[in-house]
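Here the structure is laid out as structure tokens; the discussion comes afterwards.
The values are calculated or read from the model by the stated rules, or taken from the named source; none is laboratory data. Being a predicted model, the structure only gives us computed values, none of them experimental. Backbone-built Cβ (ideal geometry, glycine too); neighbour counts: all protein chains shown.
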Amino acid sequence: MTQDDVLGYFDTLSNWGRWGDDDERGTLNLITDDVRLAAAQAVRHGRSVSCAWEVAVPRDMERSTTTCPCAADMPGGENLPAAFHADRRWGFSTERLGLTFHGNTLTHLDSPCHLFWDGTLYNGRPHSLVDPATGSAWADVTAAATGIVTRGVLLDVAAARDVPWLEPGQGVFPEDLEEAERRQGVQVRPGDAVLLRTGYGRARREGAENSGFTQAGWHASCLPWLHDRGVALIAADTPQDVQPSGYPDVLMPVHAVALVAMGLWLLDNCDLEACASTATELGQWDFHLTVAPVRFAGTSGSPVNPIATF
């Protein structure tokens with residue numbers, strides 16, 4: 001694949017206008033009521049696992065904590081009803097937390113407005129719709145306010161290659177995806193979420209994670225495969241794109257083409273080790289996936305805790 005081939009994906013894989021000129025949901029439109037009903041049939045054992053990393057506080061997050069021995073002593077407590085002042089037995093704690101969720105650490109959802117290409121957002125809108133003060137007026141995370149509920153399929157490419165994890169800089173190609181399908185006895189269907197395991201979670205736990213901006217992940221050649229299969233959401237245990245991408249003028253082709261051209265939502269930095277071990281134990285590689293972003297108005301994504309139920 002040449003760089004021109006990748007640049008051509010902005011046209012050949014475009015979903016602009018597919019669901020109407022005013023569409024902000026992109027590939028989430030592929031998750032129909034029938035798809036959600038079918039996803040429920042993937043619950044065959046009733047076991048749930050998280051696909052998110054725990055957020056270290058305060059390492060990954062700013063924190064301010066207030067504790068009061070009595071609720072009546074809280075700031076503004078003088079405005080509470082008299083009954084609160086009379087009851088001195090219960091107190092409370094509260095936190096003010098702040099975090100930057102985009103990046104290579106926290107598990108988060110990217111909405112289509114997260115990236116622009118040539119100054120343009122998904123479905124042909126100008127990037128000026130994203131205002132530094134008020135946020136995005138187009139394709140922000142509230143387009144997924146009802147949640148993302150669909151069938152998830154874990155493709156364990158590390159296991160398919162018979163390695164504990166992919167090394168930084170190793171890309172995942174369509175043939176890897178199909179080999180994982182064959183090995184696991186599962187096939188990706190329209191409306192599915194595809195979760196890619198490179199084994200990075202194991203590497204991170206065993207102290208083998210890399211320190212530079214080099215990582216395993218989706219190669220750009222997977223984009224037509226994802227488009228043809230009708231995938232609604234992709235996830236990975238890395239920040240998605242293999243780095244380096246191999247294309248000097250398209251540094252993050254999966255992010256750029258997926259978000260801007262396809263309207264394909266992304267789940268970055270998942271922890272897929274519990275999901276993979278559960279799938280191996282149960283012999284089941286599909287599951288009911290629930291992703292519930294916080295309804296942050298005008299934001300380009302949200303920290304999330306994806307739940308896979310087998």
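Out of everything in the stretch 43-54 that is more than 20 Å from Arg197 (Cα to Cα) and of a type outside the set (D, E, K, R), what residue ends up being farthest from the chain's Cα centre (by Cα)? So that I can check it myself, show each step before the final result.
In the first step, residues of the stretch 43-54 are kept if they are more than 20 Å from Arg197 (Cα to Cα); the result is 43-46.
Narrowing further to those that are of a type outside the set (D, E, K, R): 43, 45-46.
Details: Val43: 21, His45: 25, Gly46: 23 Å.
The residue in question is His45.
Which ones in the stretch 31-42 are out of contact with any Phe, Trp or Tyr (no Cβ under 6 Å at 6 or more places or on another chain), surrounded by 14 or more Cβ atoms within 10 Å (Cβ to Cβ) and either at pLDDT below 95 or not basic (Lys, Arg) (or both)? Talk me through it step by step, then tell me what you get.
Narrowing the stretch 31-42 to residues out of contact with any Phe, Trp or Tyr (no Cβ under 6 Å at 6 or more places or on another chain): 31-41.
Now narrow it down to the ones that are surrounded by 14 or more Cβ atoms within 10 Å (Cβ to Cβ): 31, 35-36, 38-39.
Of everything in the stretch 31-42, those that are out of contact with any Phe, Trp or Tyr (no Cβ under 6 Å at 6 or more places or on another chain), surrounded by 14 or more Cβ atoms within 10 Å (Cβ to Cβ) and either at pLDDT below 95 or not basic (Lys, Arg) (or both) turn out to be Ile31, Val35, Ala38, Ala39.
Looking only at the stretch 285-292, decide whether some residue is surrounded by fewer than 22 Cβ atoms within 10 Å (Cβ to Cβ), under 12 Å from the mean Cα position of the chain (by Cα) and not acidic (Asp, Glu). Before you say what the answer is, go through the steps one by one.
Residues of the stretch 285-292 that are surrounded by fewer than 22 Cβ atoms within 10 Å (Cβ to Cβ), as a first pass: 288, 290, 292.
Keeping just the survivors that are under 12 Å from the mean Cα position of the chain (by Cα) gives 290, 292.
Add one more test, that the residue is not acidic (Asp, Glu), and what stays is 290, 292.
Taking every residue of the stretch 285-292 in turn, at least one turns out to be surrounded by fewer than 22 Cβ atoms within 10 Å (Cβ to Cβ), under 12 Å from the mean Cα position of the chain (by Cα) and not acidic (Asp, Glu).
Would you call Arg197 over 23 Å from Asn29 (Cβ atoms), modelled with pLDDT of 95 or more and touching a helix residue (DSSP H, G or I) at 6+ places or on another chain (Cβ under 8 Å)?
Values: over 23 Å from Asn29 (Cβ atoms): yes; modelled with pLDDT of 95 or more: yes; touching a helix residue (DSSP H, G or I) at 6+ places or on another chain (Cβ under 8 Å): yes.
Considered against the rule, which asks whether it is over 23 Å from Asn29 (Cβ atoms), modelled with pLDDT of 95 or more and touching a helix residue (DSSP H, G or I) at 6+ places or on another chain (Cβ under 8 Å), Arg197 comes out as yes.
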- Task: Keeping to the stretch 260-274, report how many residues are surrounded by 24 or more Cβ atoms within 10 Å (Cβ to Cβ) and acidic (Asp, Glu).
- Result: 1
- Query: Which of the following residues is more than 19 Å from Gly26 (Cβ to Cβ), touching a strand residue (DSSP E or B) at 6+ places or on another chain (Cβ under 9 Å) and crowded, with 20+ Cβ neighbours inside 10 Å: Gly98, Gly171, Gly103, Gly152?
  - Reply: Gly171
- Those residues that are surrounded by fewer than 24 Cβ atoms within 10 Å (Cβ to Cβ) and out of contact with any helix residue (DSSP H, G or I) (no Cβ under 8 Å at 6 or more places or on another chain), I need them from the stretch 299-310; list them, please. Pro303, Asn305, Ile307, Thr309
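Counting only residues that are polar (S, T, N, Q) and touching a strand residue (DSSP E or B) at 6+ places or on another chain (Cβ under 6 Å), which one in the stretch 260-298 is farthest from Gln240 (Cα to Cα)?
To start, the set of residues in the stretch 260-298 that are polar (S, T, N, Q) comprises 269, 277-278, 280, 284, 290.
Imposing the further condition that a residue be touching a strand residue (DSSP E or B) at 6+ places or on another chain (Cβ under 6 Å) reduces the set to 278, 290.
Details: Thr278: 22, Thr290: 19 Å.
Ranking the qualifying residues of the stretch 260-298, first place goes to Thr278.
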